[in-house]
Amino acid sequence: MKLLALGLLMERDRHPYEIRQTIKDRNWHVTFRVRDGSLYYAVDQMREDGLIEAAEVIPVPGDNRPDKTVYRITEKGKEAFLDLLYGQLGESHYPFHPFFPALPFIRHGDTALTAEFALRQLEACEARIERMKAVIELKQDYLPKGALHLLRGILRFSETERDWLKDVLADAESGALGDPCWSPEGLLELEKRNKN
């Protein structure tokens with residue numbers, strides 16, 4: 001969250017709501033989950049740590065309405081931004097999907113219900129693919145190269161996810177996810193063999 005907020009403040013001064021809207025307008029919300037509470041908490045922390053400061057306070061008419069504070073990044077904030085940027089680039093990451101923790105135990109569930117969930121995931125993934133293609137087509141000529149690579153990365157990951165979800169759905173529809181060949185005893189035997 002701090003990397004996103006500081007990065008956007010590197011461009012220009014912004015109010016936290018504008019930070020959130022910019023993330024949405026640039027389609028970054030597809031990859032980064034941004035909750036208002038976490039954004040405002042990050043802004044408060046960054047202000048306390050001297051990474052950002054008020055650039056302008058705009059009075060908002062009406063009783064009990066807080067003034068609108070527009071923030072700018074400080075020199076300390078620019079240093080912190082670069083530390084976060086290079087730290088993020090150095091991270092190792094393995095893809096995660098909501099199905100991953102459930103799949104080892106899927107044989108205990110109802111395969112028809114599993115197929116319904118897989119179909120919903122597949123439909124959402126296909127909609128994301130179409131949305132990313134449209135956004136890239138519309139914005140590719142004026143987006144910064146890094147932002148374009150982000151959108152292309154989302155697209156490629158989504159295309160791979162789509163193909164994988166089709167396989168999961170096919171196995172769910174055929175009943176193959178029930179794994180009738182596995183038994184608790186068979187799993188214990190496999191664990192014993194792996195220890196030796």
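The values are calculated or read from the model by the stated rules, or taken from the named source; none is laboratory data. Keep in mind it's a predicted model, so treat the numbers as computed, not measured. Cβ sites come from the backbone with ideal geometry, for glycine too, and all protein chains shown count toward neighbours. These area figures cover heavy atoms from the full protein model, side chains too; ligands, DNA and RNA do not enter into them. Shrake-Rupley method; radii C 1.70, N 1.55, O 1.52, S 1.80 Å.
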Name the single residue that is surrounded by the fewest Cβ atoms within 10 Å (Cβ to Cβ) among those in region 78-105 being among the aromatic types (Phe, Trp, Tyr) and under 15 Å from Glu161 (Cα atoms).
Tyr94
Gly77 is checked against (1) in contact with a helix residue (DSSP H, G or I) (Cβ under 8 Å, 6 or more places away or on another chain); (2) without any contact (Cβ under 8 Å) to a residue 24 or more places away in the chain; (3) in a helix (DSSP H, G or I) and fails just one. What number does that condition carry?
(2)
Take the residues in region 6-21 that are of a type in the set (Lys, Arg) and free of Cβ contacts under 8 Å to residues at least 40 places away in the same chain, then tell me which one is nearest to Glu75 (Cα to Cα).
Arg12
Quickly run through region 170-195 and pick out the residues that are at pLDDT below 80, within 19 Å of Ile106 (Cβ to Cβ) and of a type in the set (A, V, I, L, M, F, W, C).
Cys181, Trp182, Leu187, Leu190
Does Glu53 satisfy being free of Cβ contacts under 8 Å to residues at least 60 places away in the same chain and touching a strand residue (DSSP E or B) at 6+ places or on another chain (Cβ under 9 Å)?
yes
Considering each residue of region 22-43, count those that are open to solvent by 50 Å² or more (accessible area, probe 1.4 Å), under 20 Å from Ile136 (Cα atoms), of a type outside the set (Asp, Glu) and free of Cβ contacts under 8 Å to residues at least 40 places away in the same chain, and give that number.
3
Of all residues in region 135-154, which are farther than 24 Å from Leu89 by Cα and part of a helix (DSSP H, G or I)?
Val135, Glu137, Leu138, Lys139
Could you grab me the full set of residues in region 1-19 that are open to solvent by less than 60 Å² (accessible area, probe 1.4 Å) and part of a helix (DSSP H, G or I)?
Leu3, Leu4, Ala5, Leu6, Gly7, Leu8, Leu9, Pro16, Glu18, Ile19
Within region 107-120, is even one residue open to solvent by 60 Å² or more (accessible area, probe 1.4 Å), outside any helix (DSSP H, G or I) and either at pLDDT 95 or above or of a type outside the set (S, T, N, Q) (or both)?
yes
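Taking the residues in region 44-66 that are in a loop (DSSP other than H, G, I, E, B) and under 31 Å from the mean Cα position of the chain (by Cα) as candidates, determine which candidate is surrounded by the fewest Cβ atoms within 10 Å (Cβ to Cβ).
Here the residue is Pro66.
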